[in-house]
1. Quick check, is residue 144 part of a loop (DSSP other than H, G, I, E, B), without any contact (Cβ under 8 Å) to a residue 12 or more places away in the chain and buried (at least 16 other Cβ atoms within 10 Å of the Cβ)?
2. Which is in a loop (DSSP other than H, G, I, E, B) and either modelled with pLDDT under 90 or open to solvent by 70 Å² or more (accessible area, probe 1.4 Å) (or both), of 6, 107, 36?
3. Looking at 160, 135, which one is over 23 Å from residue 75 (Cα atoms) and part of a helix (DSSP H, G or I)?
4. With the structure loaded, tell me whether residue 79 is part of a loop (DSSP other than H, G, I, E, B), surrounded by 11 or more Cβ atoms within 10 Å (Cβ to Cβ) and of a type outside the set (Val, Ile, Thr) or whether it fails that test.
5. Quick one: would you say residue 112 is open to solvent by 30 Å² or more (accessible area, probe 1.4 Å), among the basic types (Lys, Arg), under 25 Å from residue 49 (Cβ atoms) and at pLDDT below 95?
6. Kindly check whether there is at least one residue in the range 54-61 that is surrounded by fewer than 13 Cβ atoms within 10 Å (Cβ to Cβ) and modelled with pLDDT under 95.
7. Could you check how many residues of the range 89-103 are in contact (Cβ under 8 Å) with a residue 12 or more places away in the chain, open to solvent by 10 Å² or more (accessible area, probe 1.4 Å) and part of a helix (DSSP H, G or I)?
8. Hey, could you check the range 101-117 for residues that are more than 17 Å from residue 146 (Cα to Cα) and β-branched (Val, Ile, Thr) and say which is farthest from the chain's Cα centre (by Cα)?
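The values are calculated or read from the model by the stated rules, or taken from the named source; none is laboratory data. Nothing here was measured: the structure is a model prediction, and the numbers come from that model. Heads up, the Cβs are rebuilt from the backbone with ideal geometry, glycines too, and the neighbour counts pull from every protein chain shown. Keep in mind that these areas ignore ligands, DNA and RNA; they rest on the heavy atoms of the full protein, side chains included. Shrake-Rupley method; radii C 1.70, N 1.55, O 1.52, S 1.80 Å.
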Amino acid sequence: MTIDLGLWNAVVSTVTLIVIAATAFIGLRQVRHLRGQNSLTALLQVLEDWRDPQLTAWVAYVRNELPERLKDPAYLAELEGTVDRGRHPELNVCDWYEQLGSYVKFGLLDERTTLDVACGPVVHLWERIEPCIERMRLTRGPSLYENFEYLAVRAVLYSRAHPHGTYPATTPRFSELRARDAAAAETT
């Protein structure tokens, strides 16, 4: 029995196509796995930075002292020229969130995961610092701290999309478990 060369060529081409498709599928799975692992590593580093005592002190300044400082027109006027970061530690918070916003915008950090962890603080700090940024944008342009703004806007949109949080609907709350346990105990 002889095999036609055309048939043989078709069989070999089909097998080659199957092998290439399987290799591509496996490769894509590995890339997704590596990307998830890299995103987790990056998020863990961000969370470690978040606990840094210096950043914590700057955030405390923004929360506790900045609102009073913003009432002083001279304090705001200082933002139009060369800024002394010793007098304006809020800019260090801006720098950090600018970097975080860039990571999220370009997909280096997963947006959903980042916002699930940091949504509230991002919005709160943006709202506190926004008058400073707006004042600096008068002389430096609208792109100043645009990644921080991007992150804050994404956080607001995330909050609006999840007004009751992101707790999985299929998982009972502890109060529900306790109620079930109490009901079961009453029936026995």
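1. Values: part of a loop (DSSP other than H, G, I, E, B): yes; without any contact (Cβ under 8 Å) to a residue 12 or more places away in the chain: yes; buried (at least 16 other Cβ atoms within 10 Å of the Cβ): yes.
Spelling it out, residue 144 is indeed part of a loop (DSSP other than H, G, I, E, B), without any contact (Cβ under 8 Å) to a residue 12 or more places away in the chain and buried (at least 16 other Cβ atoms within 10 Å of the Cβ).
2. 107
3. Testing whether each residue is over 23 Å from residue 75 (Cα atoms) and part of a helix (DSSP H, G or I) leaves just 160.
4. No.
5. So residue 112 fits the description; yes.
6. Yes, that holds for at least one residue.
7. So the first thing to find is which residues in the range 89-103 are in contact (Cβ under 8 Å) with a residue 12 or more places away in the chain, and the list is 89-94, 96-103.
Those left that are additionally open to solvent by 10 Å² or more (accessible area, probe 1.4 Å): 89, 92, 96, 98-99, 102-103.
This time we only want the ones that are part of a helix (DSSP H, G or I), so: 92, 96, 98-99, 102-103.
Summing the residues that are in contact (Cβ under 8 Å) with a residue 12 or more places away in the chain, open to solvent by 10 Å² or more (accessible area, probe 1.4 Å) and part of a helix (DSSP H, G or I) in the range 89-103 gives 6.
8. If we take residues in the range 101-117 being more than 17 Å from residue 146 (Cα to Cα) and β-branched (Val, Ile, Thr), then 117 is farthest from the chain's Cα centre (by Cα).
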